[in-house]
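J.: Next up is a structure, given as structure tokens.
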Amino acid sequence: MAESKYNESLEEVHSTVGTAGKRGWRKLLAFVGPAYLVSVGYMDPGNWATDIAGGSQFGYRLLWILLMSNLIALLLQSLSARLGIVKGLDLAQASRNAYPSWVNYPLYVLAQIAIIACDLAEIIGMAIGLNLLFDLPLIWGISITVLDTFLLLFLMNKGMRMMEVFIVSMVFIVGVSFLAEMLIVQPAFNEVVRGLKPSALSGNALYIAIGIIGATVMPHNLYLHSSLVQTRKIEKNRKGILEALKFNLIDTTIALNLAFLVNASILILAATAFYKNGFFEVAEIQDAYKLLEDIFGSLAPTLFAIALIASGQSSTITGTLAGQIVMEGHLNLRIAPWLRRLITRLLAITPAFFTILYFGEDALGELLVLSQVVLSLQLGFAIIPLIHFTSDKKLMSEFAIKPWVKILAWISALIIVGLNVKLVYEEVYSWLSSTSNAWWIYVFVFPVILAVGILLLYVLISPFVKHSEHKHSNLPHGEALSIGEVGDVAYGNIGIPVDFSDNDRNTIRHALIQGGKDAQYYLIHIVETAGARYHGDKVLDYETQSDTDNLEKYKVNLIELGYHANILIGYGSAPGAIASITKKHNLDLLVMGAHGHKGISDWIFGTTLDSVRHKVKIPVLIIR
């Protein structure tokens, strides 16, 4: 029996891109897309902040961190894609199946914090880009970013391919802009090559290096990739899975290497333009823009600002998708996409507003770098479960990763977690050294560090200890129950909300079929005028009188046909009034007509039906 699409990751676009019947390049192109959506997270404004700070302070010395981060990202993203292709699970769903709920809740919170940190970077980047190009105040630029909620909904309605085309277009703009930048600044390539040699890290270099890692190996991308690969409809046999794994590896390799070139270009640009010219503390994107204008004229900074806007807009869309995956996977909670997007965006806007109002616009650059460090600190909670799942032969069967891949993955995890532990130790030690009254560190900081450390150890050790108890289920609503004996269902009191439209006839006919001539039928209409909202049943306006007359006509018509009919009028908000009438008159069934609206009309007019069915505890029959 086929599974409900409600159980699938990103159900709106699940298996919507066909791959069957294609050969050669056409086959490869059918799989191209998911990795490009993931790759935009590797060149978002957060990357810009860390790369500019690293290049201006340390020249080309941190290029090796970028290269290492990209290789780790390539490995981990391929594991993420493998999980999605082989098991049809995203990383959050797999975590919900493997860990108890008391672990999944904090895992969700940590993942959501990472997504908010990422979204914060996109907001600041977009606002700065608009400020640089159009001189729009940052506070207004940040406010405008709320509107991209509607862009995401538009793209989702147009299908996965349209979204991928939009994202690839943004990536193309970023890539072309930085290719032109490189031609303008002309870096010394022999020094660039020397920057790929590893060197020791400490102090601010370590802080920025971890920011670069967090900005490159982004935790939400691991959730995202494991879901996006499921938008491709493949044959679920050995040949189909192997083919999908091959083409997705090619897609991932090309996309992430392009992202590495963009990141490297930003760092090289900062090192060549600023470090070489004695500007060692350029952490602000605005400062980078102004210095580019001073050194190279107007074209370079314009390209810089255009690329910044493009990267911010594309990254914010993929961050939203990741938020949906994390919420539905860890919590099995689904809410309206526009509402989830708006909540995530508002949570990210708040610290940006606070920073501008209390610390000034100059502090946004530091906030950007901090957001990427937060991303890095959350990485272990995504990487460790991912390695466990893709190594598990009971879960992945013959598609479990090979021992040498497993060793590389655990080394990557050790490097990232080890650097994070070192950073936390150095930061806390510096706080203790510089603060005379450090009680707040012992009361607030240490307990949080201890709790997070225990959770990380549990996530690491638990699959080894309880390996045989791993659940392999993707049924968020539990197992199917036995139906048992089915008796006759009789409805004695049936409510029929009407609005005097062409749909009423069909709605009433279906209601009569449910109850026959023995049931009592209650024709319900809600008066929603301003007077009705304030005065309730005391209102005597023209609309109320007209609606009452229309209900009487329906009632007389039904009585003539041999049915028992009554009329009920409610006032004010339709969902609340219908629910109140239902409870007051002990109705057994509601029969409601669907509005049939789409797009924006659905957001404006389509709220009554959904609200009513959540407010009442009786069956609701929806007639289209």
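The values are calculated or read from the model by the stated rules, or taken from the named source; none is laboratory data. Since we're looking at a predicted model, the values are computed, not measured. Methodologically, a virtual Cβ is constructed for each residue, glycine included, from the backbone with ideal geometry; neighbour enumeration extends over all protein chains shown.
Conditions tested, residue by residue: (1) within 23 Å of Ile343 (Cα to Cα); (2) at pLDDT 75 or above.
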{"residue": "Ile128", "(1), (2)": "yes, yes"}
{"residue": "Asn131", "(1), (2)": "no, yes"}
{"residue": "Arg161", "(1), (2)": "no, no"}
{"residue": "Pro187", "(1), (2)": "no, yes"}
{"residue": "Val192", "(1), (2)": "no, yes"}
{"residue": "Lys197", "(1), (2)": "no, yes"}
{"residue": "Ser202", "(1), (2)": "no, no"}
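J.: Considering only helices (runs of 4 or more DSSP H) fully contained in the stretch 165-248, which possess at least 2 residues that are within 27 Å of the chain's Cα centre (by Cα)?
T.: 203-216, 219-228
J.: Of His467, His477, which residue is within 28 Å of Ile387 (Cβ to Cβ), modelled with pLDDT under 80 and not aromatic (Phe, Trp, Tyr)? Quick ask: steps written out before the conclusion?
T.: Working: His477 fails: within 28 Å of Ile387 (Cβ to Cβ).
So the residue among His467, His477 that is within 28 Å of Ile387 (Cβ to Cβ), modelled with pLDDT under 80 and not aromatic (Phe, Trp, Tyr) is His467.
J.: Looking only at the stretch 416-430, count every residue that is surrounded by 15 or more Cβ atoms within 10 Å (Cβ to Cβ) and either of a type in the set (Lys, Arg) or in contact (Cβ under 8 Å) with a residue 60 or more places away in the chain (or both) and tell me the total.
T.: Selection size over the stretch 416-430: 4.
J.: Residue by residue through the stretch 487-529, note down the ones that are in contact with an Asp or Glu (Cβ under 7 Å, 6 or more places away or on another chain) and small (Gly, Ala, Ser).
T.: If we filter the stretch 487-529 for residues that are in contact with an Asp or Glu (Cβ under 7 Å, 6 or more places away or on another chain), which is where we start, we get 491-494, 498, 525, 527, 529.
The answer is Gly492, and nothing else.
J.: Would you call Gln77 in the same structural domain as Ile411 (by TED's automatic domain parsing), surrounded by fewer than 24 Cβ atoms within 10 Å (Cβ to Cβ), within 20 Å of the chain's Cα centre (by Cα) and closer than 30 Å to Leu245 by Cα?
T.: Values: in the same structural domain as Ile411 (by TED's automatic domain parsing): yes; surrounded by fewer than 24 Cβ atoms within 10 Å (Cβ to Cβ): no; within 20 Å of the chain's Cα centre (by Cα): yes; closer than 30 Å to Leu245 by Cα: yes.
For Gln77, the condition - in the same structural domain as Ile411 (by TED's automatic domain parsing), surrounded by fewer than 24 Cβ atoms within 10 Å (Cβ to Cβ), within 20 Å of the chain's Cα centre (by Cα) and closer than 30 Å to Leu245 by Cα - is not met.
J.: Here are the criteria: (1) at pLDDT 70 or above; (2) within 26 Å of Pro301 (Cα to Cα). Tell me which single one Asp148 does not satisfy.
T.: Status for Asp148: all satisfied but (1).
J.: Would you check if there is a residue in the stretch 524-533 being at pLDDT 80 or above, surrounded by 15 or more Cβ atoms within 10 Å (Cβ to Cβ) and farther than 14 Å from Ile496 by Cβ? Spell out the reasoning first.
T.: The first filter runs over the stretch 524-533 and keeps only residues at pLDDT 80 or above, leaving 524-527.
Add one more test, that the residue is surrounded by 15 or more Cβ atoms within 10 Å (Cβ to Cβ), and what stays is 524-527.
Now narrow it down to the ones that are farther than 14 Å from Ile496 by Cβ: 527.
Checked against the condition, which is being at pLDDT 80 or above, surrounded by 15 or more Cβ atoms within 10 Å (Cβ to Cβ) and farther than 14 Å from Ile496 by Cβ, the stretch 524-533 yields at least one hit.
J.: Here's a follow-up. State the number of residues belonging to the stretch 396-415 that are out of contact with any helix residue (DSSP H, G or I) (no Cβ under 7 Å at 6 or more places or on another chain) and either surrounded by 11 or more Cβ atoms within 10 Å (Cβ to Cβ) or of a type in the set (Val, Ile, Thr) (or both).
T.: 6
J.: Identify, from the list Ser430, Ser436, the residue that is more than 18 Å from Ile208 (Cα to Cα) and outside the structural domain of Leu201 (by TED's automatic domain parsing). If you could, list the steps in order and put the result at the bottom.
T.: Numbers: Ser430 fails: more than 18 Å from Ile208 (Cα to Cα).
Testing whether each residue is more than 18 Å from Ile208 (Cα to Cα) and outside the structural domain of Leu201 (by TED's automatic domain parsing) leaves just Ser436.
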